């Protein structure tokens, strides 16, 4: 299955004085890529999700930094779904620029009832949309 891809341009606020992406900014960008995925492919933008009482906080994150990124680079974020549980969604994100891998991430987010602050079952409609982006073990990243 194909990964969802989106592009984010490295801006001044992403870089350190040397013009290289400051590593915490990558985490902001992968969150942005995930938010864009929810909006554009799952048809469930965050404002609607929150208004309906749901959230998808981060539960686990592991990363590998491969090559630096610089001011004005156009980074491609390629998001794939590794596994979907009752409430947990395991994602694999490859960040690249012109076919050079810059940053690899595996993360788990959890479908949460944000009023109760408890995990909840992913709605069937959302789960079906996510399944379109399932990747095989062969397509997953290796650190």
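The values are calculated or read from the model by the stated rules, or taken from the named source; none is laboratory data. None of the values given here were measured: they were computed from a predicted structure. Reconstructed Cβ throughout: ideal geometry from the backbone, glycine too, with neighbour counts over all protein chains shown.
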Legend entry - Enumeration of residues in the stretch 96-143 that are part of a strand (DSSP E or B) and free of Cβ contacts under 8 Å to residues at least 12 places away in the same chain: 118
Legend entry - Leading residue by the ranking (nearest to the chain's Cα centre (by Cα)) among those in the stretch 66-77 that are within 21 Å of residue 133 (Cα to Cα) and surrounded by 19 or more Cβ atoms within 10 Å (Cβ to Cβ): 77
Inset, instruction - Any residue in the stretch 55-74 that's under 26 Å from residue 44 (Cα atoms): show its pairings with residues that are surrounded by fewer than 13 Cβ atoms within 10 Å (Cβ to Cβ) and modelled with pLDDT of 95 or more at Cβ separation under 6 Å, as long as the two are six or more apart or on different chains. - result: 74/7; 74/9
Legend entry - Restricting the stretch 15-31 to residues that are farther than 27 Å from residue 137 by Cβ and in contact (Cβ under 8 Å) with a residue 40 or more places away in the chain, the residue that is surrounded by the most Cβ atoms within 10 Å (Cβ to Cβ): 21
Inset, instruction - Return the residue satisfying two criteria in turn: it lies in the stretch 43-63 and is more than 13 Å from the chain's Cα centre (by Cα) and surrounded by 13 or more Cβ atoms within 10 Å (Cβ to Cβ), and of such residues it is nearest to residue 126 (Cα to Cα). - result: 44
Inset, instruction - Could you tell me which of the residues 89, 93 is surrounded by 15 or more Cβ atoms within 10 Å (Cβ to Cβ), closer than 18 Å to residue 24 by Cα, in contact (Cβ under 8 Å) with a residue 12 or more places away in the chain and touching a helix residue (DSSP H, G or I) at 6+ places or on another chain (Cβ under 9 Å)? - result: 93
Legend entry - Looking only at the stretch 1-39, and only at residues there that are assigned to a strand (DSSP E or B) and in contact with a helix residue (DSSP H, G or I) (Cβ under 8 Å, 6 or more places away or on another chain), the one that is farthest from residue 73 (Cα to Cα): 4
